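For reference, the structure is listed below as structure tokens.
The values are calculated or read from the model by the stated rules, or taken from the named source; none is laboratory data. Being a predicted model, the structure only gives us computed values, none of them experimental. Positions of Cβ are generated from backbone atoms using ideal geometry, with glycine treated the same way; all protein chains shown enter the neighbour counts.
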Ligand SMILES: [Zn+2]
């Protein structure tokens, strides 16, 4: 009997599909700056090899009467020189196409992924593997001449990183690889008898409950502005030395992510003329659930938490904002809160609503839910943390980058060796917030290097000169 | 790479003025080894 080659799209991923628009394509990008110009032939070979291991990446998205589904395709990915704006749409309902692309330009390699397929962490595994294969193929002499002891050490380091996700469980079939991570966690938990999970909760649970009581009392500030002419995101990429920024966060007794979020809030308050003294800023923060629950799934496996700060309640110093955000984050990561959120996500997977309602109706409902959730959100951030590679490979990669398509201003952060990259993306032309953020950092003695893309006709024209 | 004295930041890429504050840039001759353009200009 032929093995099943399709999986119904999970509800958590359905929301990305419903929420994707021309400007917010729900595509995110991981990039690496290599030490030398990229060799497209080697990159293609590396991609071919890794692609064969990741069956999830063979998926195309199809529409049925009741649901969307991921179907295994025979398509092969082709690396392309970057000639479109970042995070261009990857899914078109009338085309059968892969849900990711690999691009290169000069010294950079980019992986762009449609969020329906995977989250940042899942995509990072794939990207790390492509980079490692690429380095092996591009510099074979370096690895063949290695002394045996070093070869063993490297083997161990590789084993510790990418292979572990697969070798732990043996090779996966397409349906195993493409199955919702939330369903996989139920399977694992049932077997281990660890988590009590309740299914079949009401669909209204899709709506973010934490914002309901807030609506009456607080005014959530929303950033407005002139959109970029062709809907490309405004990208402001900041390279910061970790050794200079980390101590600043430590001074406040908070993580780097919380510290930079506090600066982001301050930058918004300082630069928004219509910001009122008692306005609230709300940020959405995805939390990688793999840190808390065992899962080797490369599918979406995160929960979004919302942090907020209302101005004018106390002295609005960076210290106060940091402390406030930090305690909210801590609270939301408590075992109990995490468990509640995971249960809700799992319940939504098992909700019969997803199976019996016609897909077009479901699309409309999900779009409405997404709009409701967004009404009370100012900005977003995403943090992929620190990435490392085996010793011998380190010098071949100079810097890593992470950015996302956006509906509202956002930053994504990732660090590698001593470099922290914070990439702002925004649907708006204006860069006042990003500029204020830079000033807050440089005033503390941080060496900031900024790269900004051209978005208006005038900028593009001037850039050509 | 250029430097913006107001933002106190180095600015990569082909900009006539600082893309963050629109101020004048100080031209610097030292070039960073990296690819100076975050996204291509199309
Ligand atoms: Zn400037």
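Here is how the numbers come out for the structure above:
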read-out: The lone exception for residue A:270 - which of (1) closer than 15 Å to residue A:422 by Cα; (2) within 14 Å of chain B (Cβ to nearest Cβ) it fails; value: (1)
read-out: Lone unmet requirement of (1) in contact with a helix residue (DSSP H, G or I) (Cβ under 6 Å, 6 or more places away or on another chain); (2) within 29 Å of residue A:15 (Cβ to Cβ); (3) surrounded by 20 or more Cβ atoms within 10 Å (Cβ to Cβ) for residue A:454; value: (2)
read-out: Any hit, the range A:351-360, residues being within 16 Å of the ligand (Cβ to nearest atom), surrounded by 15 or more Cβ atoms within 10 Å (Cβ to Cβ) and touching a residue at least 40 places away in the same chain (Cβ under 8 Å); value: no
read-out: Qualifying positions in the range A:71-105 - more than 20 Å from residue A:129 (Cβ to Cβ) and assigned to a strand (DSSP E or B); value: A:71, A:81, A:105
read-out: Filter result for the condition that a residue is on the phi < 0 side of the Ramachandran plot, modelled with pLDDT under 95 and not in a loop (DSSP other than H, G, I, E, B), over A:47, A:56, A:111; value: A:56
read-out: Strands (runs of 3 or more DSSP E) lying entirely in the range A:366-465 (those with 1 or more residues that are within 14 Å of chain B (Cβ to nearest Cβ) and away from the ligand (no atom under 16 Å from the Cβ)); value: A:397-404, A:410-416, A:419-426
read-out: Test set (1) at pLDDT 85 or above; (2) more than 8 Å from the ligand (Cβ to nearest atom) - residue B:20 fails condition number; value: (2)
read-out: Enumeration of residues in the range B:5-17 that are near the ligand (Cβ under 8 Å from one of its atoms), over 20 Å from residue A:460 (Cβ atoms) and in a strand (DSSP E or B); value: B:9
read-out: Subset of the range B:1-16 [more than 7 Å from every other protein chain (Cβ to nearest Cβ) and loosely packed, with under 15 Cβ neighbours inside 10 Å]; value: B:5
